[in-house]
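Enquirer: Take this structure, written in structure tokens, and hold onto it; I'll ask about it next.
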Amino acid sequence: MAGKKTKGTSRKIKDKWKAKEWYKVHAPRMFNEIEIGETPSADPANLIGRTSEVTVQELTGDFSKMHIKLKFKISSIDGHTARTTFIGHDLTSDYVRRLTRRKKTKTDHVVDVVTKDNFTIRIKPMSIAEKRIQTAQEEAIRQLLGETLMKMGTEMSLSEIVKMIVSGEMAKELARACRCVIPVKRIEVRKSEVRSFGEGDPESIIDSVSAKDEPEEAPAEAAAPEEAPAEKAEE
């Protein structure tokens, strides 16, 4: 009959968004706990494990580091504040493409480094030579990079390693180590990933990575970075 309502249509539709609250996501202490975004959730427990990505430029104001993307994972909730842990970094794809031109040799490397505070971080540097090089030279560069990174791990904590990656000091140290084989045009730490967590607290060892910690001139000129600001973390 007209006008008769069924049981299903008489129910009120619940607005799921009204049940959710917004939580502010903060970077770890090593980055001064700067707010990096907001994310909604109806249950704070659902936030644990969410990841957020932000450029170094957004954290420090250093425009020369817009091509470095830092990755954080939410590890704890304090009221409406979501605290994160550093889990890795990556370079933007357009920045990597600008570095790899024709008639140059790009060699990728993968090294698992165990830090002195018992964290395991996988570091993926790439070396770029001005001209074609022999396979034996590539293997020699791989060996030198591996030995240098493993030595850094025994002497440094995870936070100190991260600071070297972001500041560019690690790339310079690796370039120096390779000079005995062949002068490379550039070495970049293309990617890193924390594989296992140790006994230390990676957030409390260094105070911050700020725009004041600008490294000396890199082995080669830095290309102009192009990267859009990171978006808010989504559920």
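Enquirer: Is it true that Lys163 is modelled with pLDDT under 90 and either under 14 Å from Arg186 (Cα atoms) or outside the structural domain of Asn32 (by TED's automatic domain parsing) (or both)?
Expert: So Lys163 does not fit the description; no.
Enquirer: Next question, about the same structure. Failed condition for Leu144, given (1) in contact with a Cys (Cβ under 9 Å, 6 or more places away or on another chain); (2) assigned by TED's automatic domain parsing to the domain that holds Leu47, with all others met?
Expert: (2)
Enquirer: Name every residue in the stretch 119-135 that is part of a loop (DSSP other than H, G, I, E, B) and among the polar types (S, T, N, Q), in order of residue number.
Expert: Gln134
Enquirer: Let me ask something additional. Please determine, by comparing only the residues of the stretch 18-53 that are under 19 Å from the mean Cα position of the chain (by Cα) and of a type in the set (Gly, Ala, Ser), which one is surrounded by the most Cβ atoms within 10 Å (Cβ to Cβ).
Expert: Ala27
Enquirer: Considering the stretch 112-123 alone, what residues qualify as being under 17 Å from the mean Cα position of the chain (by Cα), surrounded by fewer than 18 Cβ atoms within 10 Å (Cβ to Cβ) and of a type outside the set (Asp, Glu)?
Expert: Hits for the stretch 112-123 are Thr120, Arg122.
Enquirer: Can I ask one more? Of (1) more than 15 Å from Glu193 (Cα to Cα); (2) touching a residue at least 24 places away in the same chain (Cβ under 8 Å); (3) not assigned by TED's automatic domain parsing to the domain that holds Lys172, Asp78 satisfies all except one. Which?
Expert: The number of the failed condition is (2).
Enquirer: Is it fair to say Lys116 is more than 30 Å from Ala136 (Cα to Cα), part of a helix (DSSP H, G or I) and either without any contact (Cβ under 8 Å) to a residue 12 or more places away in the chain or in the same structural domain as Ile141 (by TED's automatic domain parsing) (or both)?
Expert: It is false that Lys116 is more than 30 Å from Ala136 (Cα to Cα), part of a helix (DSSP H, G or I) and either without any contact (Cβ under 8 Å) to a residue 12 or more places away in the chain or in the same structural domain as Ile141 (by TED's automatic domain parsing) (or both).
Enquirer: Answer yes or no as to whether Glu193 is over 18 Å from Gln143 (Cα atoms), outside the structural domain of Gly61 (by TED's automatic domain parsing) and assigned to a strand (DSSP E or B).
Expert: It is true that Glu193 is over 18 Å from Gln143 (Cα atoms), outside the structural domain of Gly61 (by TED's automatic domain parsing) and assigned to a strand (DSSP E or B).
Enquirer: Next question, about the same structure. When Ser192 is evaluated against the numbered criteria (1) under 22 Å from Gln57 (Cα atoms); (2) modelled with pLDDT of 95 or more; (3) surrounded by fewer than 20 Cβ atoms within 10 Å (Cβ to Cβ), which criterion, by number, is the only one it fails?
Expert: Here Ser192 clears every test but (3).
Enquirer: List the strands (runs of 3 or more DSSP E) inside the stretch 47-106, counting only whole elements, that have at least 3 residues being touching a helix residue (DSSP H, G or I) at 6+ places or on another chain (Cβ under 6 Å).
Expert: Those strands (runs of 3 or more DSSP E) span 68-78.
Enquirer: Hey, could you check the stretch 126-149 for residues that are more than 17 Å from Lys172 (Cβ to Cβ) and touching a strand residue (DSSP E or B) at 6+ places or on another chain (Cβ under 6 Å) and say which is modelled with the highest pLDDT?
Expert: Residue satisfying both the conditions and the ranking: Gly146.
Enquirer: Just a yes or no: is a residue in the stretch 136-151 of a type in the set (A, V, I, L, M), free of Cβ contacts under 8 Å to residues at least 24 places away in the same chain and either in a helix (DSSP H, G or I) or surrounded by fewer than 19 Cβ atoms within 10 Å (Cβ to Cβ) (or both)?
Expert: yes
The values are calculated or read from the model by the stated rules, or taken from the named source; none is laboratory data. These numbers were taken from a predicted model, which means no experiment stands behind them. Note: ideal-geometry Cβ built from the backbone for every residue, glycine included; neighbour counts use all protein chains shown.
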